[in-house]
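The values are calculated or read from the model by the stated rules, or taken from the named source; none is laboratory data. Just so it is clear, the structure is predicted and the values come from calculations on it, not from any experiment. Glycine also receives a Cβ, built like all others from the backbone with ideal geometry; neighbour counts cover every protein chain displayed. Quick note on the areas: whole protein, heavy atoms, side chains included, nothing else; ligands and nucleic acids left out. Shrake-Rupley method; radii C 1.70, N 1.55, O 1.52, S 1.80 Å.
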Amino acid sequence: MSPKHEILLIEDERNICNFIVTTLKSNDYKVNYALNASSGLSLAAAGCPDLILLDLGLPDMDGIDVIRNIRNWSNVPIIVISARTQEKEKVEALDAGADDYITKPFGTSELMARIRTALRRSTINNNMLLPTQNQYVAKDLVIDYEKHIITIAGNIVHFTQIEYKILTYLAQNAGKVITYDSLISHVWGPFADSNNRILRVNMANIRRKLESNPADPQYIFTEIGIGYRMIDNENL
Ligand code: CA
């Protein structure tokens, strides 16, 4: 049996905290928790958890500052827990270095899926497998990074250079939400206009080529007000 993954939960609402701790334990994770940011940060530093679940609304410190603090010294995956209406906060959290977010109220299976994805990505990064990994595969879609060829059900589909850049950036971060701003600065450079109209136009073109029904996407999902998430790579 593989050693248990250790998860640190930082959440000030006792009910939610208890619920998550119980859920994680019954899913065979080791759990530590803190009810405020400062004890959370010391537990993070002392315990070296494999993943951190972080509530953004904490009594003693802004959750965004907690992320920035941790990112000064650790790449541990951070999944942010936030309220439904706080789109701006989620974007800030992702741009500050959070790996993902989950919106309250959330279901157990959604939480577990997010945790598995984040842990898997971090294992791959730690083992430095990503640079040698040269294919993305999901359902009928295959992206061959080396040959610069994209096929759907075996047929080559042509993408413009910009479309290819967008698609491969999302694929290389599959399973993770990429904010509009980080996508724009990756594709058009850090000084690009952060107006996302051009991004939306390109995304519409990508979807037309990629999805059999662009209104009901199978590969790239829109996180409204935040960014895009591409379906997990099956080739891992
Ligand atoms: Ca809270």
> Given S82, S109, S38, S42, which one is within 16 Å of the ligand (Cβ to nearest atom) and open to solvent by 50 Å² or more (accessible area, probe 1.4 Å)?
Replying inline: S38
>> Restricting to the range 61-79, and then to whatever is surrounded by 15 or more Cβ atoms within 10 Å (Cβ to Cβ) and away from the ligand (no atom under 14 Å from the Cβ), can you tell me which residue is modelled with the lowest pLDDT?
In response: S74
> What about I20, is it within 16 Å of the ligand (Cβ to nearest atom), buried (at least 21 other Cβ atoms within 10 Å of the Cβ) and either without any contact (Cβ under 8 Å) to a residue 60 or more places away in the chain or more than 20 Å from the chain's Cα centre (by Cα) (or both)?
Replying inline: no
>> Take the residues in the range 46-60 that are within 16 Å of the ligand (Cβ to nearest atom) and in a strand (DSSP E or B); name whichever of them is most open to solvent (accessible area, probe 1.4 Å).
In response: G57
